[in-house]
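The values are calculated or read from the model by the stated rules, or taken from the named source; none is laboratory data. Treat the numbers as computed from the prediction; the structure is a model and nothing was measured. Reconstructed Cβ throughout: ideal geometry from the backbone, glycine too, with neighbour counts over all protein chains shown. Side chains included, ligands, DNA and RNA excluded: accessible areas come from the protein's heavy atoms. Shrake-Rupley method; radii C 1.70, N 1.55, O 1.52, S 1.80 Å.
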Amino acid sequence: MKILAINGSPKGDYSVTLQTYEYLEKLYADHEFKVINAGQSIKAIERDFSKARPLLEEAELIIFVYPVYTFIAPYQLHRFIELIKENGVDLKGKFCTQITTSKHFYDVTAHKYVEENALDMGMKYIGGLSADMEDLLNEKGRKEAREFFRYVNFSIENNLYERESSVDCDFTPKAVTEFENNLPKEGDVVIITNCEETDLQLKSMIARFRNKLNRKSRIVNIREYQFKGGCLGCFNCAVSGKCIYKDGFDEFLRNEIQKGEAMVYAYSIKDHSMGASFKLYDDRQFCNGHRTVTMGMPVGYLVSGKLSTEQNLKMIMEARANVGTNFLAGIASDEFDPDTEIDNLALNLNYAIENKYVPPQNFYGIGGMKIFRDLIWLMQGMMKADHKFYKKYKQYDFPQKKRGRMMAMYLVGAMLSSDKIKSKMGNKMNEGMLMPYKKELEKLNRK
């Protein structure tokens, strides 16, 4: 496969982000990897676009590679995207994705910017990799990069990509008994729904999904559960994890839902939300406190209704998966090409289950968990169950523990404060920053 990186970093070859792309290049020698240093050479590209055009046109996969600058991509990458459009380069039908490095501050808006522009150009967009700047220097980060690239290849092989939900499409409900002829594999996918008996549209979506999933699945209709009431915010569960209500929901949640290998939520949009019955269910899940007890479990959504107009609802679905460290396998709606969206959700979910695919968290997850981390640390005396969980899973990753790194930054700060030292350094700063990354890449050469 011919792969092209559009490097949006103004540092060019000295880009930290580019090191992840070079890492993948060394691992997957059967692919052809090329780079356009768009960030560093943007003025030259403005004067003469002719060298960039053939690289873009011959690529089968385009990867936007860039550091996140102030909520979004660097100016230079913005300008390069403008030039692609201005020069009429036809990228329709080409697969694309992105690799970013940052400290996860609004990486989500940067990724959304690139995704929206890719869709504008008719490209087949695959969700990108949002890495911490130092992820490549530890095995967890390298593993996430490898699994990301495997997932990209899987998506290309199966023609899976994001589709823009902007065209209405009539979805004719199919026989709900379709699922009866299915021969599922082993597994236990839990479909959580508040579907009413008269909601044939949603029932049909669920039936098709179960048919295409080809794994064992079961439906939990929360309308049928006899809740005693909504969450009271009483914090009775803070110490023991037990709800004050005696309706057994906390045990039901843990034994009947959270022990599945994946969860899929199915609902019809009502009043810009999943509906009051789903909110009752969500609120009562506070018996788990702030503990991400389903981390690593893939999730998906089946949504009936005009989802394209519900940006806030889409953000909620994306964020809750990311905070919980759950791979969002997809949001399939009946608004645009529902059969394909449902089939792709089933395919994607099955891949995530079989390969245990868990991409790194982005701003939604990192930001949310840091807020929870600080909250639980301060309230550990009351929220004992949460505190025990956070200690067990090493969530207390306070920066003040990294004394060595802090002292090194004092030294760098002192050097940058001296004009004399800076003049002697030249490009040594960038070379020094890349030194640990180059060591990792050299290890691959020795294998």
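Quick look at the numbers
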{"item": "Rounded percent of accessible protein surface that carbon and sulfur make up, segment 239-303, 1.4 Å probe", "result": "56 percent"}
{"item": "Cα coordinate range in the chain, projected on the principal axes (Å, largest first)", "result": "73, 54, 43"}
{"item": "Per-residue SASA entry for Ser268, accessible area with 1.4 Å probe, Å² rounded to 10", "result": "30 Å²"}
{"item": "Accessible area per residue, Å², the chain with all protein chains present, probe 1.4 Å", "result": "50 Å²"}
{"item": "Ranked by how many other beta carbons lie within 10 Å on average, peptides 146-157, 80-91, 413-424 from highest", "result": "146-157, 80-91, 413-424"}
{"item": "Centre separation in Å (Cα based) which lies between segment 209-239 and segment 86-156", "result": "33 Å"}
{"item": "Estimated vicinal HN-Hα couplings, Hz - segment 218-235 in sequence order (Karplus 6.51, -1.76, 1.60; Gly, Pro = x)", "result": "9, 9, 10, 9, 5, 5, 8, 7, 8, 5, 6, x, x, 4, 9, x, 8, 6"}
{"item": "C-alpha center-to-center spacing [segment 300-348, segment 241-294] in angstrom", "result": "18 Å"}
{"item": "Of all accessible heavy-atom area on segment 395-434, the percent that carbon and sulfur account for (1.4 Å)", "result": "63 percent"}
{"item": "Relative contact order (%) - criterion: Cα under 8 Å, at least six apart; region: segment 47-169", "result": "24 percent"}
{"item": "Extension reserve of the Lys246-Ala29 stretch, reckoned as 0.36 nm per residue once the Cα distance is removed", "result": "72.2 nm"}
{"item": "Net lengthening on full extension, Lys443/Lys143 (0.36 nm per residue, minus Cα-Cα)", "result": "106.5 nm"}
{"item": "Within the chain, helix-based [θ] at 222 nm, where runs of 4 or more DSSP H residues each add -39,500 (n - 2.57), nearest 500", "result": "-13500 deg cm²/dmol"}
{"item": "Accessible area of Arg405 in the full protein assembly, 1.4 Å probe (Å², nearest 10)", "result": "110 Å²"}
{"item": "Sequence-distant lysines (8 or more away, or on other chains) whose Cα lies within less than 30 Å of Lys270", "result": "Lys112, Lys174, Lys203, Lys212, Lys216, Lys228, Lys246, Lys259, Lys279, Lys306, Lys314"}
{"item": "Cα-projected label distance for Met425 with Lys270, points at 7 Å along beta-carbon direction, nm", "result": "6.0 nm"}
{"item": "Potential extension, Met1-Glu224 segment - 0.36 nm per residue separation minus Cα distance", "result": "75.2 nm"}
{"item": "Mean Cα-pair separation over length for the chain, i.e. relative contact order, pairs under 8 Å, 6 or more apart, %", "result": "14 percent"}
{"item": "Lys112-Glu354 pseudo-label distance in nm [points 7 Å out on the Cα-to-Cβ vector]", "result": "3.3 nm"}
{"item": "Within segment 64-169: Cβ-based charge dipole about Cα centre, in debye rounded to nearest 20 (Lys, Arg +1; Asp, Glu -1)", "result": "240 debye"}
{"item": "Lys85 versus Thr70: modelled label distance in nm, points set 7 Å from Cα along the beta carbon direction", "result": "2.0 nm"}
{"item": "Protection proxy ranking of 397-404, 308-315 - average other beta-carbon atoms within 10 Å, highest first", "result": "308-315, 397-404"}
{"item": "Sulfur and carbon atoms: percent of accessible area, segment 81-121 [1.4 Å]", "result": "48 percent"}
